[in-house]
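Reviewing the structure listed below.
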Amino acid sequence: MSHYKPYNGPAAGWGALVSVTRNWLGSKNAVGNIRAMLKTNQDHGLDCPGCAWGETPEKGMIKFCENGAKAVNWEATSRRVDPAFFSQYSNTELLQQSDHWLESQGRITHPMRYNPATDHYETITWQRAFETIASHLQAMDSPDQAEFYTSGRASNEAAFLYQLFVRALGTNNFPDCSNMCHEASGIGMAEAVGVGKGTVTFEDFEHSDAIFVIGQNPGTNHPRMLEPLREAVKRGAQVVCFNPLKERGLERFQHPQNPLEMLKNDSEPTNTAYFRPALGGDMAAIRGMVKFLWQWEQQALASNGPAVFDREFIAQHTSGIDAYLSIVDNTSWQEIEEQSGLSLAEIEMAANMYRRADRVIMCWAMGVTQHVHSVAIIQEIISLQLLRGNIGKPGAGLSPVRGHSNVQGDRTMGIDEKPPKWLLDALEKRFKFNVPRKHGHTTVQTIAAMEQSQVKVFFALGGNFVQATPDTERTHAAMRNCDLTVQISTKLNRSHLVSGKEALILPCLGRTEIDYQKSGKQGVTVEDTFSMVHISYGQLKPFSPLMKSEAAIIAGVAEATLGKHPVDWQWLIEDYDRIRDLIADVIPGFENFNARIANPGGFYLGNPASDRVWNTETAKARFIANRLPKTLIHTEITRSGQQPDLILQTMRSHDQYNTTVYSLNDRYRGVFGMRDVIFVNEDDMKRLGFEHEQKVDIISLWPDGKERRVNNFTLLRYDIPQGQAAAYYPEANPLVPLESYGDKTFTPTSKFIAIRLEASQQQDVA
Ligand SMILES: Nc1nc2c(c(=O)[nH]1)N[C@H]1C(S)=C(S)[C@@H](COP(=O)(O)OP(=O)(O)OC[C@H]3O[C@@H](n4cnc5c(=O)[nH]c(N)nc54)[C@H](O)[C@@H]3O)O[C@H]1N2
Ligand SMILES: Nc1nc2c(c(=O)[nH]1)N[C@H]1C(S)=C(S)[C@@H](COP(=O)(O)OP(=O)(O)OC[C@H]3O[C@@H](n4cnc5c(=O)[nH]c(N)nc54)[C@H](O)[C@@H]3O)O[C@H]1N2
Ligand SMILES: [Mo]
């Protein structure tokens, strides 16, 4: 039975894992699997396929968290989606099932081809599958009529081969999950500090005086991050959270006493604090902190007091401070207060905490990156850090905490629709073919092209494109316009069912499974959020003899399409060392790749900004003077006279991994057995005339005349700031307009959707 019961326990607990694995993961040997892997982790173990948080550097100290265990067991299920399964259910029948049901059916065991005549998937041989793909790709008028999606679990080896194949085919159409995720971090940081990756490593967390956690829910999504945060507080460092929701894992960092006590000059300063900004209000909040620091710096200059800014760092390493401070001067306190959703007293307190620390790390995730002005938010965070020299010294820096376990490595390998020139030049030099120079499509641009019937072939290396993307109804219709869709997958999901006219499912090995090739067992490499590269060896017997590794599937498709051009694909697959030798030839930082991964714990790729080398336009770290957005809500919406009831963010529950729903519970938020829920403040509920647990329909506002709605969501009274609402991804994705994306990023604004609520017609059904 579904129910709602606010949770009071601590944020931890393997207890729930046992029930999750028994009930849903269908893994008979769940606990045994994990134990086996923990043992073998001592040498050449498995890299956790969960999130991208790094491993503790000591040898053999690879830690699993509850969610890592879930991810492993999810893959190591004993349930099978085999030919008998597909002959039992037609596609139309499978489409009636929930996402949770689909993924719970088990691992896909055979290559399958959709037969429209019978409405069933039927077996196909690998050879026929490769030939089918090749004949479609060869029949296109232009290579730009194909789109090659990547989800961030693919290994470096698979990703490198994939981008080589696709560029040899002739396109840069690489939509990827990163387009919906940390794209803004990459763009915002590259412009300002010359590198699109985090500048900190694991050790920096041990030396930091203050760690800010902005728009991130690590208790659920990066559980191993809680440990360094706890350690930091223990040794007296500050942990400061910016999150409109009181997330369970972070709540301990809320100071138990009156947070405003800090403001009185006589009180003891607190070392933890929790601020609850408006959705999209972080830029204004940080601008406010900067404005306070600037005030104090001016006072220091006037009175010859101790400097607030790091004047030497600013002079030596940065450009643009004058223009930036003048825009800070021109931002009014009133604007800051209104847009941030915080009081000036709170912002002053945050600024004080910031100033008190010599070494500050700024962490952020989707609460920052999925807004229209995300690039500007990130650049504001960077400017704040530059004022006190908090980039490129131990214990300080920028930490965009990545999502998928190898999403960062996939970009490093060249999965990028707007590849840097050096990469294309290096590929051309090494492989001697004309590399396509025109930029390709992001995820959102891919959907738009599909909608215009400009896409013939959609190919996915992992992921669940049709559910992860915005504007679900439109996206589904767009996908159906393709001639052929191909999914390399471990588990059944909706992207197999909402397909092109022809469709293939190619079952691949998961990272937990042993990958045998001609030369023996193969390892694959990944890069974590701290730019550490390490090798991972699967530990479990492959679930089906017909599965192939991702790299082998790409090689098969490439050979069928291009023959031995520009490389002998099958020869590379015999021994992944050969692929790594190619990577070493092309990608900087991977010299002697094979030798260096033998080192336990792998190696650090390095980061120019953390060495204070600035690969920017000015060869300095740049203060970028962005204006605060005039309004956060799209002006066309208000101009058309529409008024939202609330602003909605879409987020993850505790028991899900993106579109993979492990169970229907979200225990830290007290929700059990349901996912079609919307969290609303009690006062808003009254204002809008609704009651707790009433069924509502949610309609999003967008000035294109299309109706976007989801029906029969259960309204839940929740501790959430007024004017805000929250619902789960992917259930709420039909509400995100395709055209509502970030400036420069094309990232859907999944954390800022203007909505209206209506009472559902079907109250009695509940
Ligand atoms: N178990 C598990 N682990 C995961 C994933 C998973 O689904 N399950 N997904 C992986 C992936 S791909 C990613 S990208 C990461 C995602 O990790 P998170 O970014 O932590 O994921 P979300 O659930 O989207 O949480 C966003 C958080 O930001 C807050 N927030 C929303 N809007 C705002 C805002 O405007 N300002 C501020 N300050 N806060 C805001 C929300 O309240 C929420 O706490 O996790 C990775 N790890
Ligand atoms: N509304 C809203 N939408 C969002 C977000 C949000 O916060 N709100 N978050 C966005 C973010 S941050 C991201 S990263 C995207 C995620 O988008 P995706 O990466 O496309 O989605 P996932 O749900 O991670 O993909 C799950 C599928 O991957 C396949 N899979 C699992 N392991 C493997 C493997 O080892 N190999 C292969 N080949 N396949 C595998 C399984 O078949 C599984 O069904 O969603 C985005 N969409
Ligand atoms: Mo992500």
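The values are calculated or read from the model by the stated rules, or taken from the named source; none is laboratory data. Since the model is a prediction, treat every value here as computed from it, not as a measurement. Note that we place each Cβ from the backbone using ideal geometry, even for glycine, and neighbour counts take in every protein chain shown. Surface accessibility is based on the protein's heavy atoms, side chains included, excluding ligands, DNA and RNA. Shrake-Rupley method; radii C 1.70, N 1.55, O 1.52, S 1.80 Å.
Descriptive notes on the structure:
- Within region 366-385, residues that are in a helix (DSSP H, G or I) sit with their Cβ atoms under 8 Å from residues that are within 16 Å of ligand 3 (Cβ to nearest atom) and aromatic (Phe, Trp, Tyr), at 6+ positions apart or across chains, in these pairs: Ile378/Trp364; Ile381/Trp364.
- Any helices (runs of 4 or more DSSP H) falling wholly within region 68-126 and containing at least 3 residues that are crowded, with 19+ Cβ neighbours inside 10 Å and touching a helix residue (DSSP H, G or I) at 6+ places or on another chain (Cβ under 9 Å): 99-104
- Any chance Ala184 is aliphatic (A, V, I, L, M), within 16 Å of ligand 3 (Cβ to nearest atom) and under 26 Å from Gly367 (Cβ atoms): yes
- Considering region 205-219, the residues that are assigned to a helix (DSSP H, G or I) and open to solvent by less than 10 Å² (accessible area, probe 1.4 Å) include one that is farthest from ligand 1 (Cβ to nearest atom), namely Phe205.
- Of the candidates Ala146, Ala184, Ala159, the single residue that is closer than 21 Å to Ser499 by Cβ and either of a type outside the set (S, T, N, Q) or within 16 Å of ligand 2 (Cβ to nearest atom) (or both) is Ala146.
- Residue match in region 679-691 (condition: within 16 Å of ligand 1 (Cβ to nearest atom) and either over 26 Å from Gly50 (Cβ atoms) or among the hydroxyl-bearing types (Ser, Thr, Tyr) (or both)): yes
- Each residue in region 558-577 was checked for being buried (at least 24 other Cβ atoms within 10 Å of the Cβ) and farther than 15 Å from Tyr516 by Cα, and 2 of them qualify.
- Test: residue in region 136-153 that is of a type in the set (Gly, Ala, Ser), in contact with a helix residue (DSSP H, G or I) (Cβ under 8 Å, 6 or more places away or on another chain), at negative phi and part of a loop (DSSP other than H, G, I, E, B): yes
- One residue stands out in region 185-204 among those that are touching a Gly at 6+ places or on another chain (Cβ under 8 Å) and open to solvent by less than 10 Å² (accessible area, probe 1.4 Å): the one that is farthest from ligand 1 (Cβ to nearest atom), namely Thr199.
- Top-ranked residue of region 171-181 - restricted to ones that are part of a helix (DSSP H, G or I) and open to solvent by less than 10 Å² (accessible area, probe 1.4 Å), ranked as farthest from ligand 3 (Cβ to nearest atom): Asn179
- Pairs meeting the criteria (first residue in region 165-183 and modelled with pLDDT of 95 or more, second residue away from ligand 2 (no atom under 15 Å from the Cβ) and of a type in the set (Lys, Arg), beta carbons under 7 Å, at least 6 apart or on different chains) are Asn172/Lys438.
- Summed over region 633-650, the residues that are of a type in the set (Ser, Thr, Tyr) and either touching a residue at least 40 places away in the same chain (Cβ under 8 Å) or in contact with a Phe, Trp or Tyr (Cβ under 6 Å, 6 or more places away or on another chain) (or both) give a count of 2.
- Evaluated against (1) open to solvent by 30 Å² or more (accessible area, probe 1.4 Å); (2) at positive phi; (3) of a type outside the set (Ser, Thr, Tyr), Asp471 falls short on exactly one condition, (1).
- Just one of the numbered conditions (1) surrounded by fewer than 24 Cβ atoms within 10 Å (Cβ to Cβ); (2) assigned by TED's automatic domain parsing to the domain that holds Thr318 is not true of Ala168: (2).
- Among the residues of region 198-226, those identified as more than 16 Å from ligand 2 (Cβ to nearest atom) and either without any contact (Cβ under 8 Å) to a residue 40 or more places away in the chain or polar (S, T, N, Q) (or both) are Thr199, Thr201, Ser208.
- Hey, Tyr668 modelled with pLDDT under 95 and closer than 22 Å to Phe242 by Cα or not: yes
- Hits in region 412-447 - residues which are under 17 Å from Val195 (Cβ atoms) and assigned to a helix (DSSP H, G or I): Thr412, Lys421, Trp422, Leu423
- Enumeration of residues in region 273-299 that are open to solvent by 10 Å² or more (accessible area, probe 1.4 Å) and either of a type in the set (A, V, I, L, M, F, W, C) or farther than 28 Å from Gly194 by Cα (or both): Tyr274, Arg276, Ala278, Leu279, Phe292, Trp294, Gln295, Trp296, Gln298, Gln299
- Of residues in region 708-742 being more than 17 Å from Ala448 (Cβ to Cβ) and acidic (Asp, Glu), the one least open to solvent (accessible area, probe 1.4 Å): Glu731
- Among the residues of this structure, Ser151 does not count as one that is surrounded by fewer than 22 Cβ atoms within 10 Å (Cβ to Cβ) and small (Gly, Ala, Ser).
- Figure legend. Inter-residue proximity from region 326-347: first residues under 21 Å from Gly723 (Cβ atoms) and assigned by TED's automatic domain parsing to the domain that holds Gln295, second residues open to solvent by 40 Å² or more (accessible area, probe 1.4 Å) and at pLDDT below 95, beta-carbon distance below 7 Å, spacing 6+ or different chains. Indicated pairs: Ala345/Leu260; Ala345/Leu263.
The rows are residues; the columns are (1) within 30 Å of Lys421 (Cα to Cα); (2) open to solvent by 30 Å² or more (accessible area, probe 1.4 Å); (3) in contact with a strand residue (DSSP E or B) (Cβ under 9 Å, 6 or more places away or on another chain).
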| site | (1), (2), (3) |
| --- | --- |
| Thr618 | yes, yes, yes |
| Gln643 | no, yes, yes |
| Arg675 | no, no, yes |
| Asp684 | no, no, yes |
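- Matching option when the condition is β-branched (Val, Ile, Thr) and out of contact with any strand residue (DSSP E or B) (no Cβ under 9 Å at 6 or more places or on another chain), among Thr150, Thr125: Thr125
- Verdict on Arg511 being open to solvent by 20 Å² or more (accessible area, probe 1.4 Å), under 30 Å from Ser700 (Cβ atoms) and in contact with a Leu (Cβ under 7 Å, 6 or more places away or on another chain): no
- Across region 460-493, the number of residues qualifying as in a helix (DSSP H, G or I) and within 16 Å of ligand 1 (Cβ to nearest atom) comes to 3.
- Exactly one residue among Ala727, Ala754 is assigned to a strand (DSSP E or B) and within 12 Å of ligand 1 (Cβ to nearest atom), and that residue is Ala727.
- Cβ separations smaller than 6 Å between residues 6+ apart or across chains give the following pairs from region 578-597 residues that are open to solvent by 10 Å² or more (accessible area, probe 1.4 Å) to residues that are among the acidic types (Asp, Glu) and part of a loop (DSSP other than H, G, I, E, B): Ala584/Glu591.
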